């Protein structure tokens, strides 16, 4: 099942996406991160069933995707970013490298990435994002999947020149608009071998599979849960393939993950920024 978060006349709502019909069917009631565990249950195949939690609107209230404004599919309490986790290139000591992004860095599909005046080397990093569905504390790798709601596309935007100047990676990764998420959460994706493709202005810049991750998505959930409690709505960014490079104003960057969809973001200078869709 694919869960989108959209703006309605009543405010932000979750809804179930029908990717074949290109429609979304909203839930009757609002739902926040604390309700994520009630929204869906993994079924092992596309088309999971809603639980007895928030109820769907009638089918005749489905809305074409082209007519709704999609928001970031979750507003996380925290975003945990994994470094050097791709293509067999871990930290030399084999250590788990993590950074944190603030919630204020999150934007949704088609919202702009705003290039700050303080950096001249802002780079895209297409990644698979894990969305936590149930409170997760010191779990074993074999139990990690039970705490995951699903997966979405992410762009771990990074001001590279700031990060390499004294190792200030929270500054480099934490600026407003530096964490696009979307277009929705897939509850049925197999995270073990998902193909990730990042394009800039239609040109392929990154291509890789999550099979190349040094630590798998579920291994990361387990390891991080031993460092800090993960709460419903928290997001883990699992690492990026080779090919990250600088963005310029008027670029359009897209992150596509097979089995999820495509996250698109226009790139603008600070003076051209507008309201974003975190919701």
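So which of 53, 44, 48, 32 ends up being modelled with pLDDT under 95 and touching a helix residue (DSSP H, G or I) at 6+ places or on another chain (Cβ under 6 Å)? Going through 53, 44, 48, 32 in turn, the sole match is 53. State all residues of region 105-118 that are more than 14 Å from the chain's Cα centre (by Cα) and surrounded by fewer than 18 Cβ atoms within 10 Å (Cβ to Cβ); if no residue qualifies, say none. Matches in region 105-118: 116, 117, 118. The conditions of being assigned to a strand (DSSP E or B), modelled with pLDDT of 95 or more and surrounded by fewer than 23 Cβ atoms within 10 Å (Cβ to Cβ) are not met by residue 128. Of the residues contained in region 84-94, one or more are found to be assigned by TED's automatic domain parsing to the domain that holds residue 168, at pLDDT 90 or above, assigned to a loop (DSSP other than H, G, I, E, B) and crowded, with 19+ Cβ neighbours inside 10 Å.
Would it be correct to say that residue 176 is at pLDDT 95 or above and either within 21 Å of residue 255 (Cα to Cα) or surrounded by fewer than 21 Cβ atoms within 10 Å (Cβ to Cβ) (or both)? Answer is yes for this residue.
Taking the conditions (1) more than 17 Å from the chain's Cα centre (by Cα); (2) within 18 Å of residue 103 (Cα to Cα); (3) surrounded by fewer than 24 Cβ atoms within 10 Å (Cβ to Cβ); (4) at pLDDT 95 or above in turn, residue 159 satisfies each one other than (3). Taking every residue in region 227-248 that is within 26 Å of residue 87 (Cα to Cα) and not assigned by TED's automatic domain parsing to the domain that holds residue 159 and pairing it with any residue that is modelled with pLDDT of 95 or more and part of a loop (DSSP other than H, G, I, E, B), at least 6 positions away or on another chain, yields no pair with a Cβ-Cβ distance below 8 Å. Quick one: which residue in 177, 219, 187 is touching a helix residue (DSSP H, G or I) at 6+ places or on another chain (Cβ under 6 Å) and assigned by TED's automatic domain parsing to the domain that holds residue 132? Exactly one of 177, 219, 187 is touching a helix residue (DSSP H, G or I) at 6+ places or on another chain (Cβ under 6 Å) and assigned by TED's automatic domain parsing to the domain that holds residue 132, namely 219. In summary, residue 67 fulfils each of the numbered conditions (1) more than 24 Å from residue 196 (Cα to Cα); (2) touching a residue at least 60 places away in the same chain (Cβ under 8 Å) with the single exception of condition (2).
Every condition in (1) in contact with a strand residue (DSSP E or B) (Cβ under 8 Å, 6 or more places away or on another chain); (2) surrounded by fewer than 22 Cβ atoms within 10 Å (Cβ to Cβ); (3) more than 21 Å from residue 6 (Cα to Cα) holds for residue 256 except the one numbered (3).
The values are calculated or read from the model by the stated rules, or taken from the named source; none is laboratory data. Everything quoted here is computed from the prediction, not taken from an experiment. Neighbour counts run over all protein chains shown; Cβ positions are idealised from the backbone, glycine included.
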